[in-house]
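The values are calculated or read from the model by the stated rules, or taken from the named source; none is laboratory data. Note that this is a predicted model, so its numbers are computed, not measured. Heads up, the Cβs are rebuilt from the backbone with ideal geometry, glycines too, and the neighbour counts pull from every protein chain shown. For the accessible areas, the whole protein counts, side chains as well, though only heavy atoms, and no ligand, DNA or RNA atoms are used. Shrake-Rupley method; radii C 1.70, N 1.55, O 1.52, S 1.80 Å.
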Amino acid sequence: MTTPVSVAFTETELDLIASAEGRVAVFITPDGKLDQAGRRVNRLMKGTLARIVESGALEKKSAGDIISLAWPVGLSAEALDILILPRNASVEESRRAGVALGRSKGTKPLLLLGASLKRPVEVILGAVLRAYEFTPHKTSETQEGGAITAMVAKPDEVEAAAAPALAVAEGVFFTRDLVSEPANHLTTTEFANRILAMQDIGLKITVFEESDLERLGMGALLSVGHGSASPTKMAVMEWQGGPEGEPPLALVGKGVVFDTGGISLKPSAGMEDMTMDMGGAGVVAGVMRTLARRGAKANVVGLVGLVENMPSDRATRPGDVVTSMKGDTIEVINTDAEGRLVLADVMWYAQETYQPCGMIDLATLTGAAIVALGHENAAVLSNDDTLCNTFLKAAKAEGEGAWRMPLGKGYADLMKSQIADIKNSGGRPAGTITAAEFLHRFVQDGSAWVHLDIAGVASVKSETPYAPMGASGWGVMALNRLVADMLEGD
Ligand code: BES
Ligand code: MN
Ligand code: ZN
């Protein structure tokens, strides 16, 4: 697993600045004020920081921007990063500055002179998240990244406050690794094994095999995997950090390790991107890891359907009718609309087994979500304003884009089948909404449910707010905060 760069917290020792290797980061307010460490850097660099202020260069910058100087005279470091942050910097500004640090950091050690930062933890979180790299398949690259040393006021307190943030980073990295991993490596079995390994951090894990899924009547989920040599599985991750007997929040993820489309084969151009079609399951696994790592005082259960959508002589055909665990029959119009078949059964199992206090599903479900919202926002659809607004608030606070779209009977009607209870594709119009209406049918009366279509945000070909190009880990932070806001009362 890609591990977040290690972070050490110490008191400020001005005399160590000149000889620090790698990069040194200092901060300056937008109106040019330096703190004690900044004044030391300025002195060592013969007034360079003062000249920057005089030049007016800061006026062209915003809070959270950085100015980087290479090979700074007077320092042993290879570079000096100057963070422009007001004394009362917001979470967003602080993270943005951190992201800028993480972007330039590379594998070098970093000394952060953060004694007067308002939110050192947010700066560090931004830097750690942005410094991610997926390198397991690069034979020439070493994985080792230089550590971050943060000189801060009250290092013990900052270290304690940083622990949950570093748990978040670990969850995000776990998700990104899963999403980045090619499908010949991340098979359904390998995915289940990575989840099973989280037993070591206190999660209760159960993996259901095909025979178990048959016994449960999961004909929809199983139909997706018929064409693949990889066995279909369902993995359940239970975190019991809250009161015994209190119903959990259920997180359900689509884990299609590769989506060829099946017999309704996708065009070859860009098909390689479908290695990320387990993104929903990846986020669920990452959130569960974060919750366990920070010891969340909440009950949460994560459930993922792990399956590969392949064409073969055994694959489900267009026109086949399958029976879901709920008992509803589904006409498979298009074998490429497979994610909803996976979720229908796993969501039903989640409700039958746990009577959750709320259910949130995540899936790279429709290309239409990208048409509607691009890569800026996940599509959010819900039958419950309270749960939905709590999620939207959490996503906003974490800087993860999310935008609500409507549900409605008119959309649900597009999913009517001639020969079965429902069909799995309603055609092109409102594809994200009709997919959600399909899922809605598998939500029990009175269940609060939010559907997150993350097709546009799970993996992006340009950098995102906290990640380099590639897997973003979108949603881990928002869901972690939702758990805190909703179930932990802070
Ligand atoms: N995994 C895809 C959706 C997707 C597309 C995710 C692009 C990420 C990027 C999903 O299984 C799919 O193929 N959906 C179809 C549904 C259609 C057949 C009703 C789609 O969006 O075209
Ligand atoms: Mn598909
Ligand atoms: Zn898919």
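Quick look at the numbers
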| read-out | value |
| --- | --- |
| Kyte-Doolittle mean at least -0.5 and Cα axial length at least 20 Å: DSSP H helices in the chain | 155-180, 279-293, 339-354 |
| FRET efficiency estimate (nearest 0.05) - Cβ-Cβ, Ala153 to Ser19, R0 22 angstrom | 0.50 |
| Cα gyration tensor, the stretch 172-487 - rounded (a/c under 1.5), prolate or oblate | rounded |
| Share of carbon and sulfur in the accessible heavy-atom surface of the chain [1.4 Å probe, %] | 50 |
| Three-way shape call for the stretch 237-337 based on the alpha-carbon gyration tensor, with the a/c threshold at 1.5 | oblate |
| Eligible aspartates and glutamates near Lys108 by straight Cα distance, threshold 15 Å, same-chain separation 8 or greater | Glu21, Glu78, Asp81, Glu133, Glu141, Glu144 |
| Distance violations [Cα-Cα > 21 Å] among Lys254/Lys423; Lys266/Lys326; Lys233/Lys326; Lys254/Lys326; Lys105/Lys396 | Lys266/Lys326; Lys105/Lys396 |
| Global form of the stretch 7-153, assessed from the alpha-carbon gyration tensor, a/c cut-off 1.5 | prolate |
| DSSP-defined beta bridges in the chain - what % are antiparallel, rounded to 5 | 40 |
| Solvent exposure of the chain as accessible area per residue, Å², 1.4 Å probe | 40 |
| Spin-label zone in the stretch 299-329 - amide nitrogen under 14 Å from a point set 7 Å from the Cα of Thr206 along the C-beta vector | 301-304 |
| Potential extension, Lys396-Ser312 segment - 0.36 nm per residue separation minus Cα distance | 25.9 nm |
| The chain, dipole about Cα centre (Lys/Arg Cβ +1, Asp/Glu Cβ -1), debye to the nearest 20 | 1380 |
| Label point distance in nm, Ile419-Thr3, each placed 7 Å from Cα along Cα→Cβ | 5.6 |
